[in-house]
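The values are calculated or read from the model by the stated rules, or taken from the named source; none is laboratory data. This is a predicted model, so every value here is computed, not measured. Heads up, the Cβs are rebuilt from the backbone with ideal geometry, glycines too, and the neighbour counts pull from every protein chain shown. Areas reflect the complete protein model, heavy atoms only, side chains present, ligands, DNA and RNA absent. Shrake-Rupley method; radii C 1.70, N 1.55, O 1.52, S 1.80 Å.
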Amino acid sequence: MLFGQSVFQSVLERLKAEDETTEDAEAPAAHRVSGLGTGLAFDVMEGVSVASQRVGQAYFDNLDLDAAGVVEKPAPAPPPEPVMPDHLVRTTPQEVAEELAISAADTLLTLREKRRAFARANHPDGVELPFRDNATKRMMLANLLIDEALRRLSR
C-alpha cells in the first residue's frame, strides 16, 4: 500500500487520469472515428467512383486475358449407345433355372446366397434403362424358382 491506497487502487486512479486527458484532447475532433488512425481515400472523379463506371470491365482487367485468345470448347460427344449384356438376353424359365443351378442339395443358406448373387448381377436398378424389362423378367423368374425351392425344402 502506498500512501494509504492499495496498488490496485493507485493503478485505477492513474488509468482514470489518463482517460480524462485523452478525452479532453479528442473533444474538438468529433468527426474522427475512435480507433481509425488514418483517413480514408477514395478513387473519385466528379463525385462518382471510377470503378462504378466500368463494372463489367473490372473483371476483365483482373484476368489479364486477350479477347482474341479465348477459344471456345467443342461440344462434348454424345454418349455411346448402351450395349445389352449377354446374360440379359436369356429370359426363358429354363435359361434362368440353368444359371441358378438349383439342386436338391441346396440348403436355406445356399438358396438365399443364390438369390443375392443373382440380384447383384440382374437387378433392374443396376442396368441401363432400355434393358430393365429383361432384367425385371429375369428377377421375377429367379425369385419364383427360388421361392418354389424354399417351399419344397420346408416340407
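Among the residues of the stretch 109-137, those that are open to solvent by less than 80 Å² (accessible area, probe 1.4 Å) and farther than 19 Å from Pro82 by Cα comprise Thr110, Leu111, Lys114, Arg115, Ala117, Phe118, Ala119.
Among the residues of the stretch 80-108, those that are of a type in the set (A, V, I, L, M) and either more than 40 Å from the chain's Cα centre (by Cα) or in a loop (DSSP other than H, G, I, E, B) (or both) comprise Val83, Met84, Val96, Ala97, Leu100, Ala101, Ile102, Ala104, Ala105, Leu108. Restricting the first member to the stretch 86-103 and to residues that are without any contact (Cβ under 8 Å) to a residue 40 or more places away in the chain and open to solvent by less than 40 Å² (accessible area, probe 1.4 Å), and the second to residues that are of a type in the set (Gly, Ala, Ser) and in a helix (DSSP H, G or I), no beta-carbon pair is closer than 7 Å while six or more apart or on different chains.
A search for C-beta distances below 7 Å between a residue of the stretch 2-31 that is among the small types (Gly, Ala, Ser) and any residue that is at pLDDT below 70 and not in a helix (DSSP H, G or I), counting only pairs 6+ apart in sequence or on different chains, returns Ser10/Leu2.
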